[in-house]
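Novice: The structure follows.
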Amino acid sequence: MHPHLVFWISALVRMLTVLGGAAVGWFFWGLVPGLVLGLMGMVFLICVQLHYLLSLADWLDHPSSARLPDGWGAWTEIFSRLYKLRRGDEKNQAELTEWLARFRQAMSLLPDGVVIMDDVMFLEWCNPTAETHLGLSLTQDKGMRVTNLVRTPEFIDYIILGRYDVPLTLSFRERKLIVHIIPFENRRQILVTHDVTESERIDMMRRDFIANASHELRTPLTVINGFLEIASMQPDLDVSIRSSHIKLMSEQGERMQRLVEDMLTLSRLESMEYSVRHERINMRALLGQLLQEAEALSAGRHHISLEFDGPDIQGSSDEVRSALINLITNAIRYTPEDGTIKLIWKNLPQGPKFIVQDNGIGISAEHISRLTERFYRVDKSRSRETKGTGLGLAIVKHVLLRHHANLVIESIPGEGSKFCVQFPADQVSLG
């Protein structure tokens, strides 16, 4: 039945009830009592309507489906329809709240910063990444102008010019950011920040690697080409001079070969295209071989000892051998004659530990953090004398990363150095 028809039928029934009551009073008690009874019935109906109107007004101030008042007559239908509308609103609001929470959670997990602003650059919302990139605080800075929070001339000029089709490269808070503003809706703008600091650092390292590799290869090639030119221009060169030239060319050729081999090894380790081959490494046999190689390289110029009190481990024997021999070789190269070099293999609660300790020239504190960089040398002239390629500790670093091990370097200039390799406890071979 149509709601309007229901309303008028209900109203007619109430009116007839009042008139019927007045007629009964008139019949039994006379005209005046009947009119009084009818008037009282009308007042009662008006009071009921006013009660429901006040209840409705009170509910509209604080609408909730849980506290909707009960109705009588036509009010039953009214409150029923309001209940359905309110339930629908609450359901939509709950869904909207859930989607908003999901949106904010998703935005919070993005690696890029996201800032939502109004048309005059007042901050409405930002994710944690944007707080880190731009130094914002949503709780403290909400409602403030972003240009007052990010005070750099480049950013302010970018905002004033309004050429948002081209992103802005911004150096801010020791980061390099790509900033892009995207207008949306009529009164909203999104500011997106992308941190390229790490990629820029990697690109710089790549450029430095190419430049250093080119420099390292150019020197021996210059020597070899120079001697070959002398040999071609002076075919009757003295035999002793020719022999010395050939010896120097051989040394430079061996240096290039070592450099190329180390570069290929480092490239293979960095690519991570293959997993570590897990095999049992006989550490007693391996360290015994490394001790013999160290003594051969030292040629009796150093006192080298081995202390063995540790287990076998799991990993790639070739890679671990490469890392340990590089540490031992460095100790021999940078320890003066009659110096002492100790090789220690022991087991600790946190896992096996390999130590190379010497009383050599030592390293200043400012160089220690950069020793594992490719081609980084503390003393370039001394590195040429020791015939190092500058890639040994970089190889050590990547081997240890692949075996989940850590390298700790302790050194005092003039007193010596201590290189410690800490393997994890789960690397111990139990077989």
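The values are calculated or read from the model by the stated rules, or taken from the named source; none is laboratory data. All figures in this text were calculated on a predicted structure; none of them were measured in a lab. No Cβ is skipped: glycine too gets one built from the backbone with ideal geometry, and neighbour counts run over all protein chains shown.
Novice: From the list 131, 229, pick out the single residue that is modelled with pLDDT of 90 or more and either surrounded by 12 or more Cβ atoms within 10 Å (Cβ to Cβ) or farther than 22 Å from residue 110 by Cα (or both).
Specialist: When all the criteria are applied, what remains is 131.
Novice: Please specify each residue of segment 342-364 satisfying the condition of being over 18 Å from residue 310 (Cβ atoms) and part of a strand (DSSP E or B).
Specialist: 358
Novice: In addition: Sort out which residues of segment 182-194 are surrounded by 12 or more Cβ atoms within 10 Å (Cβ to Cβ) and either out of contact with any strand residue (DSSP E or B) (no Cβ under 6 Å at 6 or more places or on another chain) or closer than 15 Å to residue 125 by Cβ (or both), and write them in order of number.
Specialist: Once the filter is applied, which keeps residues that are surrounded by 12 or more Cβ atoms within 10 Å (Cβ to Cβ) and either out of contact with any strand residue (DSSP E or B) (no Cβ under 6 Å at 6 or more places or on another chain) or closer than 15 Å to residue 125 by Cβ (or both), segment 182-194 yields 188, 189, 190, 191, 192, 193.
Novice: Let me ask you something else. Restrict the check to segment 334-349 and report whether at least one residue is closer than 28 Å to residue 213 by Cβ and charged (D, E, K, R).
Specialist: The answer is no; no qualifying residue exists.
Novice: Counting only residues that are free of Cβ contacts under 8 Å to residues at least 40 places away in the same chain and surrounded by 15 or more Cβ atoms within 10 Å (Cβ to Cβ), which one in segment 341-361 is nearest to the chain's Cα centre (by Cα)?
Specialist: Within segment 341-361, the match that is nearest to the chain's Cα centre (by Cα) is 344.
Novice: Consider residue 328 against the criteria (1) in contact (Cβ under 8 Å) with a residue 60 or more places away in the chain; (2) surrounded by 21 or more Cβ atoms within 10 Å (Cβ to Cβ); (3) touching a helix residue (DSSP H, G or I) at 6+ places or on another chain (Cβ under 6 Å): it satisfies all of them except one. Which criterion is unmet?
Specialist: The one condition residue 328 does not meet is (1).
Novice: Those residues that are farther than 14 Å from residue 150 by Cα and among the polar types (S, T, N, Q), I need them from segment 179-194; list them, please.
Specialist: Within segment 179-194, 186, 189 qualify.
Novice: When the residues of segment 269-297 are filtered to those that are touching a helix residue (DSSP H, G or I) at 6+ places or on another chain (Cβ under 9 Å), free of Cβ contacts under 8 Å to residues at least 40 places away in the same chain and not in a loop (DSSP other than H, G, I, E, B), which remaining residue is surrounded by the most Cβ atoms within 10 Å (Cβ to Cβ)?
Specialist: Selected residue: 286.
Novice: Spot the failing condition for residue 147; the list is (1) among the β-branched types (Val, Ile, Thr); (2) surrounded by 12 or more Cβ atoms within 10 Å (Cβ to Cβ); (3) in contact with a strand residue (DSSP E or B) (Cβ under 8 Å, 6 or more places away or on another chain), and only one is missed.
Specialist: (3)
Novice: With respect to residue 220, determine if the residue is in the same structural domain as residue 132 (by TED's automatic domain parsing), surrounded by 12 or more Cβ atoms within 10 Å (Cβ to Cβ) and over 26 Å from the mean Cα position of the chain (by Cα).
Specialist: No, not satisfied.
Novice: In this structure, does residue 249 turn out to be within 26 Å of residue 372 (Cα to Cα), touching a residue at least 24 places away in the same chain (Cβ under 8 Å) and surrounded by 12 or more Cβ atoms within 10 Å (Cβ to Cβ)?
Specialist: In short, no.
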